[in-house]
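Here is the structure we will look at.
The values are calculated or read from the model by the stated rules, or taken from the named source; none is laboratory data. All values reported here derive from a predicted model rather than from experimental measurement. Because the Cβ atoms are built from the backbone with ideal geometry, glycine has one as well, and the counts that use them run over all protein chains shown. Heads up: the accessible areas ignore ligands, DNA and RNA and are worked out on the full protein's heavy atoms, side chains in. Shrake-Rupley method; radii C 1.70, N 1.55, O 1.52, S 1.80 Å.
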Amino acid sequence: MESQRIDNREVYLRLRVIQAKVIDDPYLYPYADNRDYVVLLWISPGEECRTRIVKGLPNPVWNASGTIFLKEYPNIHTFLNLEVLRLSSVNDPGTSNGVAIVGRGKIPLAREFNCEKVGCFPLVRANYKEEDYKVEGDITLCMELKRRE
């Protein structure tokens, strides 16, 4: 398959983060003293964006929309990376800044323009020692690869 040459200023990902489900179960994580959540999203490292902070347990809802421009499409940009973070939780073991990662995901981008990808995507969470991960919860989002016309 031959790579298509595209003006990188014209390609972007339209994104809507809807909600997360079954994250941060209070029976499994009773030490969490605050339940404020934010989603950190990126395609290129160093170019992260985030949702607004919401309260929610165990199903925070954002309904947040945004756009991420893809400067290196299609050569480098192939996945949307995300982390669901719990903020201001000073009682978490192993955190010094009160931020705990309660779920991570890596979602392949669509290969075609104007093709909406909607779904409920699994999140993984590190065990306390971060030696292994387990699937815990999911995030619902909608994304569409677009090109300015």
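Some notes on this structure:
- Output for region 35-63, where each listed residue is part of a loop (DSSP other than H, G, I, E, B) and among the acidic types (Asp, Glu): Glu47, Glu48
- Summed over region 102-113, residues that are of a type outside the set (Lys, Arg) and open to solvent by 80 Å² or more (accessible area, probe 1.4 Å) total 1.
- Number of the condition not met by Asn114 [criteria: (1) modelled with pLDDT of 90 or more; (2) under 24 Å from Val61 (Cβ atoms)]: (2)
- Members of region 19-32 found to be open to solvent by 80 Å² or more (accessible area, probe 1.4 Å) and in a loop (DSSP other than H, G, I, E, B), listed by number: Val22, Tyr27, Leu28, Pro30
- Scope region 102-149; condition outside any strand (DSSP E or B), within 23 Å of Leu87 (Cα to Cα) and not aromatic (Phe, Trp, Tyr); matching residues: Asn127, Lys129, Glu130, Glu131, Asp132
- Only residues that are touching a residue at least 60 places away in the same chain (Cβ under 8 Å), in contact with a Lys or Arg (Cβ under 8 Å, 6 or more places away or on another chain) and open to solvent by less than 70 Å² (accessible area, probe 1.4 Å) were counted in region 35-71, giving 3.
- Screening Leu141 with (1) in contact with a strand residue (DSSP E or B) (Cβ under 9 Å, 6 or more places away or on another chain); (2) more than 21 Å from Ile68 (Cα to Cα) gives one miss only, at (2).
- Conditions (1) part of a strand (DSSP E or B); (2) of a type outside the set (A, V, I, L, M, F, W, C); (3) touching an Asp or Glu at 6+ places or on another chain (Cβ under 6 Å); number of the one not met by Gly66: (3)
- Flag for Glu83 being open to solvent by 90 Å² or more (accessible area, probe 1.4 Å) and under 13 Å from the mean Cα position of the chain (by Cα): no
- Region 114-137 - residue that is open to solvent by 40 Å² or more (accessible area, probe 1.4 Å) and under 22 Å from Arg14 (Cβ atoms) and, of those, nearest to the chain's Cα centre (by Cα): Cys120
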